[in-house]
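Enquirer: Quick one: this structure, given as structure tokens, is what I'll be asking you about.
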Amino acid sequence: MTELGLEISVTQTKQLLDDGADFFLVDCREQNEWDYVNIEAAELFPLSNIQARVGELEDHKEQHIVILCHHGVRSLQLAQWLRQQGYSQAQSMAGGIDAWSQEIDNTKPRY
């Protein structure tokens, strides 16, 4: 298996979704951000309580995980932390949902 870079583009992420690829899409923003705008395929795991919930990710430890946030800062932090926990295929979606709104789905509101 080739080693994945720490970041993945919104275009590459959209391609994974379109292809029905076996990966887990994680949104690490907070509930109020999720309520405002989200990607339907993602599951919410707010960064503020990820340590308490990391056990819920255990089933995905060997799986490709793509993490998104608002602009890609929190998701990059989480991807790095998860890799330290043994999640070797964790990646951050560069640009976050803001880039998604601009490049993939302009019906998604920006904030």
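Laboratory data are not the source of any read-out in this text; all were calculated from the coordinates shown. No experiment lies behind these values; they were computed from the predicted model shown. In this analysis, Cβ positions are derived from the backbone assuming ideal geometry, glycine residues included, and neighbour counts consider all displayed protein chains.
Yes/no per residue for (1) assigned to a loop (DSSP other than H, G, I, E, B); (2) of a type in the set (S, T, N, Q):
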site	(1), (2)
Gln12	no, yes
Val26	no, no
Ser48	no, yes
Glu62	yes, no
Leu76	no, no
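Enquirer: Restricting to segment 62-105, name every residue that is crowded, with 16+ Cβ neighbours inside 10 Å and among the charged types (D, E, K, R).
Expert: The answer is Arg74, Arg83, Asp98.
Enquirer: Go through segment 16-58 residue by residue and tally those that are surrounded by 10 or more Cβ atoms within 10 Å (Cβ to Cβ), of a type in the set (S, T, N, Q) and either under 23 Å from Pro109 (Cβ atoms) or touching a strand residue (DSSP E or B) at 6+ places or on another chain (Cβ under 7 Å) (or both).
Expert: Total satisfying the criteria: 3.
Enquirer: If you check every pair at least six apart or on different chains, which have Cβ atoms under 9 Å apart with a residue in segment 1-29 that is within 22 Å of Gln102 (Cβ to Cβ) and in contact (Cβ under 8 Å) with a residue 40 or more places away in the chain first and a residue that is among the acidic types (Asp, Glu) and assigned to a strand (DSSP E or B) second?
Expert: Leu25/Glu43; Val26/Glu43; Asp27/Glu43
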